[in-house]
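The values are calculated or read from the model by the stated rules, or taken from the named source; none is laboratory data. All values reported here derive from a predicted model rather than from experimental measurement. A quick note on method: Cβ atoms are made from the backbone with ideal geometry, for glycine too, and the neighbour counts reach across all protein chains shown. All accessible areas refer to the heavy atoms of the entire protein, side chains included, with ligands and DNA or RNA removed. Shrake-Rupley method; radii C 1.70, N 1.55, O 1.52, S 1.80 Å.
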Number of protein chains: 2
Amino acid sequence: MTSPLKRRASTGGTLHQRMRNDIEGRILSGEWPPGYRLPFEHELMSTYSCARMTANKVLSALAASGLVERRRRAGSFVARPKVHSAVLQIPDLKAEVENRGEQYGYELLERQQRGATRDDRGRLEVHLREPIIALRCRHDAAGQPFALEDRLLNLNAVPDAATQDFSQVSPSTWLVDHVPWTEAEHRISARNADATIAAELSVEVGAACLVIERWTWRSGEPITAVRFTHPADLYDLVARFTPSGQA
Amino acid sequence: MTSPLKRRASTGGTLHQRMRNDIEGRILSGEWPPGYRLPFEHELMSTYSCARMTANKVLSALAASGLVERRRRAGSFVARPKVHSAVLQIPDLKAEVENRGEQYGYELLERQQRGATRDDRGRLEVHLREPIIALRCRHDAAGQPFALEDRLLNLNAVPDAATQDFSQVSPSTWLVDHVPWTEAEHRISARNADATIAAELSVEVGAACLVIERWTWRSGEPITAVRFTHPADLYDLVARFTPSGQA
DNA sequence: AGGTCTTATTTGTCTATACATATTACACCG
DNA sequence: CGGTGTAATATGTATAGACAAATAAGACCT
């Protein structure tokens, strides 16, 4: 299955792309292992008969993508991969379900204004102070409960939310279109369904659920916190990695 | 808590950085919302009295980071965030546990050469053909079972693995140091512990577990597949996002 | 041997210019 | 009115040259 390393020099595209492909190829094939010192800008210049600026931009781009590290006076080196990192994409559930070609359904289960506390809300509240709206809703796929959404909204940051009734459009969908954010943290875990969750998701008590929690900030101000609870057998999260950065 | 938008123009660093900070600031503050057309290279040129090349590099860098989109003849626009994406970092478990300041323990439970099939292995095998090594091991934190690791290794891609007994060092740790990879896919899900898992993790049958599966390739050749099974209450995955790309 | 100074080398940043390419907007014509 | 061609414009890519900043390596002195 391994292709017999027939690469010599790429042929199509711009000079920049060709140079980048060549270098990436050598690194990814293992021909230039981690720690290897790649050619100086000067050498690339004569190899490809290009200006230094061009070589510089190529190497800088590779450095930006994390594939090489550059040190003045020393040269550019193939970087050692540090941790197993991947890009996680968490799409809007409506789009996600419709992408699968299934019927999407949405229902608002409960709405409370002004910091009503519900025992179960747990750590979602850590970063949010009143005034908040608390919502609980359900997303369906093909007629089956697909996710439970617990949502807290900071009304100071998102005053428009107060006038929205979220009976038709889910807070997730609404937020994507109305509120920009600058920082987010996700926490992914598993739990057993308690009686309430079991009832709302139509699963048995004790069934494993995948829980995705997210806190979102904008310039340091908390915007919203959300917890999605999925029946284990209906949902997987997928994350991909490629060193070049293009997922 | 919200800072009163005192930014006007950054002051330190290189011109490139200052321009970039200014623009990012305006976008992240919401002053330039998604869809907003930012100044043409030409305009930035006179605003900052710089060469077009400099403006171009700034805008190109912002485009590369996904914060803006550029269209010929039309201009550069603040990008609409598409999906909620985040950088997921999955460290080596040994490092992870020791980072928490807890005692790390490791035990090899089982080893089978040459594609021995175990019913339970399930979809891990999808991409791997023989010859393979199959391992099952346990990672402990502070004396408690912390993760179960099911590991498949492609001996064609990693012949050295045949001579390694993994009784002292875990395959994860060994692989990080010995095998480069170019592509990976993760799948994160939840499941209830069956009798086997419950016994090996010292949890009750039916307890929710967080399952992280990973397939790794190198230039298209499958290297290894692994499944980590964590007791739900001992492990969360954390993922962070900042639009600038610097986790 | 060990510490300090100097120098050469490499990358970092920027300017100024040139031509290529894609695409919008508009004028023109059937 | 609608389709077509054309020009204007903004970005894409590349060149050539300049100076700044960091630092590895060697020279020098103690």
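Distances between copies of B:Arg123, taken at a point 7 Å out from Cα along the Cα→Cβ vector and listed shortest first: 2.7 nm.
Ranked from shortest, the separations from the 7 Å Cα-to-Cβ label point of A:Gly105 to its equivalents in the other copies are 4.8 nm. For chain B, set up a GNM with springs between Cα atoms under 10 Å and report which of B:Glu149, B:Glu96, B:Glu43 has the largest fluctuation. Fluctuation is largest for B:Glu43.
On the beta carbon distance between B:Arg26 and B:Arg52, with R0 = 22 Å, the FRET formula returns roughly 0.60. Computed over neighbours whose Cβ is under 12 Å from that of B:Gln168, the net charge equals -1, Lys and Arg +1, Asp and Glu -1. Among residues other than A:Pro231 with Cβ under 13 Å from its Cβ, the summed charge is -2 (Lys and Arg +1, Asp and Glu -1). Position A:Gly206: other-copy label points at 0.1 nm, ordered by increasing distance, label point 7 Å along Cα→C-beta. Residues of the stretch B:17-44 buried by at least 30 Å² of accessible area upon assembly of all protein chains, compared with the chain on its own (1.4 Å probe): B:Leu28. Straight-line reach from B:Lys57: taking Cα to Cα under 20 Å and skipping same-chain neighbours fewer than 8 places apart, the aspartates and glutamates in range are A:Glu41, A:Glu69, B:Asp22, B:Glu24, B:Glu41, B:Glu43, B:Glu69.
Compared with the dominant principal axis of the Cα atoms in chain B, helix B:15-29 is inclined by about 80°. Taking 0.36 nm per residue of separation and subtracting the Cα-Cα distance, full extension of the segment from A:Phe40 to A:Glu110 would add 18.9 nm. Neighbouring Cβ atoms from other chains, within 10 Å of the Cβ of residues in A:186-199, number 5 on average. With the convex hull drawn around the C-alpha atoms of the protein assembly as shown, the volume per residue stands at 188 Å³. Across chain A, C-alpha contacts under 8 Å between residues 6 or more apart give a mean separation that, scaled by the residue count, equals a relative contact order of 16 percent.
Highest GNM mean-square fluctuation among A:Arg227, A:Arg138, A:Arg123, for chain A modelled with Cα contacts below 10 Å: A:Arg123. Positive contributions from Lys and Arg (+1) and negative ones from Asp and Glu (-1), summed over other residues with Cβ under 14 Å from the Cβ of A:Asp140, come out at -3. GNM on chain A, alpha-carbon springs under 10 angstrom: the most fluctuating residue among A:Ala61, A:Ala86, A:Ala225 is A:Ala61. What the Kirkwood sum gives for chain B is a hydrodynamic radius of 21.8 Å, with every pair of different alpha carbons counted.
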